[in-house]
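The values are calculated or read from the model by the stated rules, or taken from the named source; none is laboratory data. These numbers were taken from a predicted model, which means no experiment stands behind them. Cβ placement follows ideal geometry from the backbone for every residue including glycine, while neighbour counts extend to all protein chains displayed. Just so you know, the surface numbers come from the protein's heavy atoms only, side chains and all, with ligands and any DNA or RNA stripped out. Shrake-Rupley method; radii C 1.70, N 1.55, O 1.52, S 1.80 Å.
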Amino acid sequence: MTRQIRLLTKVSFLGLFGWNEFRFTKDRKKKTKYCLMGLLWLLVIVMMVAYVCAASYGLVFMGMGRFVPAVLVMSVSLVVFFFTLFKAGPVLFERRTYEKQISLPITIRAIIISRFFSMYLTNMLLGMLVMLPGMAVYGIMERPGLIFYVYGIVAILFLPLLPLTAASILGALITGISSRWRRKNLVSILLSLILVCVILMGSFRMGGMQEDQLAAMVQELALVLENQIMAAWPPAIWVMEAMAYERTDMLLLFLGVSAGVFVVFLEVLRHFYSNICSLLSSHETKGNYRMRQLEVKSVRRSMLERELRHYFSSTVYVTNTVMGELLMVILAVAVLVMGSGSVEKMMGIPGIVERALPLLLGFLAVMMPMTSCSISMEGKQWWMMQTLPITKRDLVWGKTGACLLVAFPFYLVSEVLLLAALKPDFINGLCLVAVPAVYIVFGARAGLAINERLPIFEWDNEVRVVKQSASTMVSLLAGAVAALVPLGVLVAMPELPAHIVYAVVVCVLAAGIWIMEAGGKKAVSDI
């Protein structure tokens, strides 16, 4: 069975991020694209390592160096849980691949472990990128013994197991509950978004609790921080005790709980795996179909409705691309309920809400527009779009229009809440309304333009397109640059009127939209 697990994991891992295609393709353009994507990932890794080092240095400088392992462990666990939650169902219970594999001389246990192991490897790499720089900063400044590093490396190997198991259970429950409903995709989307809202609200609450104690003495702050981490994720405290105080019993407790929960879940899942795969992919049909009057619709309306149906048919697609708009509403609710002062304390930048709120909303709106992977989501059916008598402008209208229709309700709710909470004057109110709206339109059009140049049509799982494609990463960075650069100008130059920055931003984004619209009358086959 070990050989089966190794081979299945190798096949899955080689297909990750298009590595297999990069190895064997003869197309120089594709190789160049993958090389550029590698440089982009390297830049992201460098930025993440720099942030981890800065955070670790800050804790040590404040005299709370012993909390470095706990904070790092909790951060990795939250990221692993959050990102695994949306892909656990599609990866673990993906039926098409399962039907291909079960016909081979392979055991069900090998299939389950290999699918878990492919997720485990990527999450362990994330844990290493976070833990090792923090451990290095702590080691340079505190000079612990060899046991600190040994226990830290051992903890890294087991770190993804608990959040991976928890996310898999919740992901399977969401998929299972929603599969019993007629509109199972809609129910799955709603359950996932509700769970995300609960997690984010809990994070806001914890952040507010911590900021209320910042004026206290360091020892009191350390006690508050320890209590909060213990309440949120006890394994983080176990790792801290093991690494900082060289407690072997705490390390064994962490390893035992992580491995034990993981093994128990695998054994339970093995007995019901085949039935779960069949039930989750089954659907009930009714024989009460009635022919109704046929309607004739315009090309653009048909394209728009088709795109919306395609979008809401995928839980992974929706839950990952609507997150920015959801955060807009949560930010607006926080400002309305808690006040702008409390939100600024939680963010750690005084005056940022009143001075740069339109840019914050714009940044959330362009984090990951649905158009950043809408062409890739066509998959192997893209040839059908190329044979239709439509222009590129019709395609752009359908995909960007669907993106705007999805974003508009969130935008409208957040604007109403913020206008009611802040009661700005005419100029500030106009900026608050106009700047995020321009960012939404720019993000929708820029995401489609990027995906047009970096499409992926050969994929077996939607997770590959939504989470791991070059198009989504480039769209995220482009949106971050478009929003964070003017935000940095406002923070670095407090004497500069914000209205001038907003006017420049609107003009630049509008010019970008106009440039991207050029050449829209081409045929879809030219893409």
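Once label points are set 7 Å from the Cα along Cα→Cβ at both Tyr149 and Leu78, what is their separation, rounded to one decimal in nm?
Once both label points are built, they end up 3.0 nm from each other.
Which whole-Hz ³J(HN,Hα) couplings does segment 454-465 yield from phi under the Karplus relation 6.51 cos²θ - 1.76 cosθ + 1.60, θ = phi - 60°, glycine and proline marked x?
Result, ordered by residue: 10, x, 10, 10, 9, 9, 9, 9, 4, 4, 4, 6 Hz.
Determine the gain in length on full extension of the stretch Val485-Arg393; use 0.36 nm per residue of separation and subtract their C-alpha separation, reporting nm with one decimal. Numbers along the way, then the final one.
Details: separation 92, 0.36 × 92 = 33.12 nm, distance 3.05 nm.
Net length gain for the segment: 30.1 nm.
If you count only protein heavy atoms with a 1.4 Å probe, what accessible area per residue comes out for segment 1-82, rounded to a whole Å²?
62
So for the pair Met384, Leu252, with labels modelled 7 Å out along Cα→Cβ, what separation do we get in nm?
Spacing of the two 7 Å Cα→Cβ label points: 6.0 nm.
Amide H to amide H under 5 Å from Thr391: which residues, 5+ apart in sequence or cross-chain, H placed 1.01 Å off N in plane?
Those lying under 5 Å, H to H, from Thr391: there are none.
Mind checking the full-extension length gain between Ile45 and Val413? Use 0.36 nm per residue of separation minus the Cα-Cα distance, one decimal, nm.
Gain on extension, Ile45 to Val413, equals 129.0 nm.
Say each of Cys53 and Leu121 gets a label point 7 Å from the Cα, pointing the same way as Cα to Cβ; how far apart are those two points in nm?
Computed distance between label sites Cys53 and Leu121 equals 2.9 nm.
Please compute the per residue accessible area over segment 421-527 with all protein chains in place, 1.4 Å probe, rounded to a whole number of Å².
Ligands and nucleic acids excluded, the figure is 48 Å² per residue.
Please go through the residue pairs Lys30/Lys297; Lys399/Lys423; Lys423/Lys467; Lys30/Lys467 and name each one whose alpha carbons sit more than 28 Å apart in this structure.
Lys30/Lys297; Lys399/Lys423; Lys423/Lys467
Would you please give the FRET efficiency between Glu21 and Glu495, computed as 1/(1 + (r/R0)^6) with r the Cβ-Cβ distance and R0 = 56 Å, to the nearest 0.05?
It comes out at approximately 0.60.
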